[in-house]
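K.L.:
Please find one structure pasted underneath; my questions will follow.
The values are calculated or read from the model by the stated rules, or taken from the named source; none is laboratory data. Being a predicted model, the structure only gives us computed values, none of them experimental. Note that each Cβ is placed from the backbone with ideal geometry, even for glycine, and that neighbours are counted across all protein chains shown. These accessible areas exclude ligands, DNA and RNA; they are computed on the full protein's heavy atoms, side chains included. Shrake-Rupley method; radii C 1.70, N 1.55, O 1.52, S 1.80 Å.
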Amino acid sequence: MNNLVQNEMMKLLAKKRLIIIGLIVGILVLMFTYAQYKQVEEQREKLGTDDWRAALQQQIIDTQNRLGSNRMLDEWREQLQVSLKQQQYYLDHDINPSEPGAATFTRMFLENAIDLFIPLLIMIVASDMVSSENSQGTIKLLLTRPVERWKILLSKYVTLLLSVSIIVAVTALLSYLLSGIVFGYQGWEAPVITGFELKGADVDVSQVRLVEQWKFLLMDLGLVWLVAVVVGTLSFMLSVLVRSTPAGMGIMLAALISGAILNNMVSSWESAKYFFMVNLKLTAYISGTAPPIEGMTLLSSVITLLVWWALALIVSFTVFTRRDVY
């Protein structure tokens with residue numbers, strides 16, 4: 001098995017996919033770092049001060065003004081009401097929700113990348129792990145080895161898990177190193193609030209507690225890794241089912257984009273909570289953001305994703321071991 005995994009890793013490295021992904025992440029992190037820097041500068045010029053309390057008070061005023069609009073959808077209004085209460089809680093307890101530093105930037109970058117950007121990176125690696133063997137004809141040579149089919153597929157899946165771990169780690173590392181050039185490398189011990197519980201349009205703060213940012217960042221990384229594994233496994237399944245790599249990538253891309261759209265307009269469609277793409281933003285639960293559908297929790301979303309993961313694995317191994325490739 002070790003030799004099979006080593007062989008798959010060598011094939012993956014030969015394609016230079018991981019290097020390309022690292023370059024993509026680095027460029028985007030630099031772009032977002034610059035955008036964040038410009039936003040901070042504009043806010044400083046607008047308010048005439050570096051005091052984060054003044055900036056937070058302005059955010060509260062802006063949110064209240066937006067809530068005054070009569071043209072706003074109920075789903076967005078509820079989300080803004082929750083954000084307003086959270087902002088007021090931070091202000092009342094003298095806690096800076098955006099403590100400057102690379103650690104804060106990394107946390108926010110991961111939280112915004114979990115449901116689309118990182119899944120797209122994983123899809124680049126997973127979508128052709130099996131289909132490329134079919135299109136190039138090397139699958140026949142691979143299956144002539146005196147090794148059971150399930151072991152061959154398992155070696156590919158282990159390679160995928162290693163790749164997922166590398167991509168998530170590299171994304172976090174580049175986010176920290178590159179953003180730290182501008183914002184500094186501090187912020188690991190900054191307090192972050194978690195434990196907001198949403199009850200309809202109200203926010204229950206009875207379970208709120210302070211967590212050091214490095215602990216909160218570890219929780220974020222764990223949830224990002226779980227989402228990446230599930231998306232990678234689904235892409236892996238499509239690579240087994242669909243012999244064409246572009247077709248498999250197109251299906252997964254359509255699913256991810258539709259999930260990003262559904263998250264903003266699916267509140268009245270209760271059965272949509274069983275779609276994997278509606279459950280990808282796991283970090284929103286620990287930060288206190290309202291779920292896409294009322295009643296969804298971190299536990300329910302994790303269970304839903306694990307069910308999709310298990311089904312994808314079962315389908316992948318069943319089809320691969322029984323399909324006639326000749």
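K.L.:
State whether the residues of the range 106-117 include one that is within 20 Å of the chain's Cα centre (by Cα), of a type in the set (A, V, I, L, M, F, W, C) and part of a loop (DSSP other than H, G, I, E, B).
P.N.:
yes
K.L.:
Conditions first: (1) surrounded by fewer than 17 Cβ atoms within 10 Å (Cβ to Cβ); (2) among the hydrophobic types (A, V, I, L, M, F, W, C); (3) free of Cβ contacts under 8 Å to residues at least 40 places away in the same chain. VAL278 passes all but one, so which condition is the exception?
P.N.:
All conditions pass for VAL278, except number (1).
K.L.:
Answer yes or no as to whether GLU75 is open to solvent by 60 Å² or more (accessible area, probe 1.4 Å), in contact with a Gly (Cβ under 8 Å, 6 or more places away or on another chain) and at pLDDT below 80.
P.N.:
No; evaluated as a whole, the condition is false for this residue.
K.L.:
Tell me yes or no: at least one residue of the range 34-54 is within 26 Å of the chain's Cα centre (by Cα) and open to solvent by less than 30 Å² (accessible area, probe 1.4 Å).
P.N.:
Among the residues of the range 34-54, not one is within 26 Å of the chain's Cα centre (by Cα) and open to solvent by less than 30 Å² (accessible area, probe 1.4 Å), which makes the answer no.
K.L.:
Next question. Assuming PRO191 fulfils every condition listed in (1) surrounded by 14 or more Cβ atoms within 10 Å (Cβ to Cβ); (2) at pLDDT 90 or above apart from one, which condition is it?
P.N.:
(2)
K.L.:
Oh, and also: The conditions are (1) at pLDDT below 90; (2) open to solvent by less than 20 Å² (accessible area, probe 1.4 Å); (3) not aliphatic (A, V, I, L, M), and TYR157 fails exactly one of them. Which is it?
P.N.:
Going through (1) at pLDDT below 90; (2) open to solvent by less than 20 Å² (accessible area, probe 1.4 Å); (3) not aliphatic (A, V, I, L, M) one by one, TYR157 breaks only (1).
K.L.:
Take the range 284-317 and flag every residue that is open to solvent by 60 Å² or more (accessible area, probe 1.4 Å), assigned to a helix (DSSP H, G or I) and either under 30 Å from VAL147 (Cα atoms) or in contact (Cβ under 8 Å) with a residue 60 or more places away in the chain (or both).
P.N.:
LEU306, VAL307, TRP308, TRP309, LEU311, ILE314
K.L.:
Consider only pairs whose beta carbons are under 6 Å apart and that are at least six residues apart or on different chains; among these, list those whose first residue lies in the range 1-27 and is within 17 Å of SER165 (Cα to Cα) and whose second residue is part of a helix (DSSP H, G or I) and among the basic types (Lys, Arg).
P.N.:
Short answer, once both residue conditions are applied: GLU8/LYS156.
K.L.:
Further question: Cβ contacts < 6 Å: first residue aromatic (Phe, Trp, Tyr), restricted to the range 106-121; second residue open to solvent by less than 10 Å² (accessible area, probe 1.4 Å), any location; separation 6+ or different chain. Result?
P.N.:
PHE109/SER175
This table checks each residue for (1) assigned to a loop (DSSP other than H, G, I, E, B); (2) at pLDDT 80 or above.
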residue	(1), (2)
LEU30	no, yes
GLN36	no, yes
VAL40	no, no
GLU45	no, no
GLN81	no, no
PRO97	yes, no
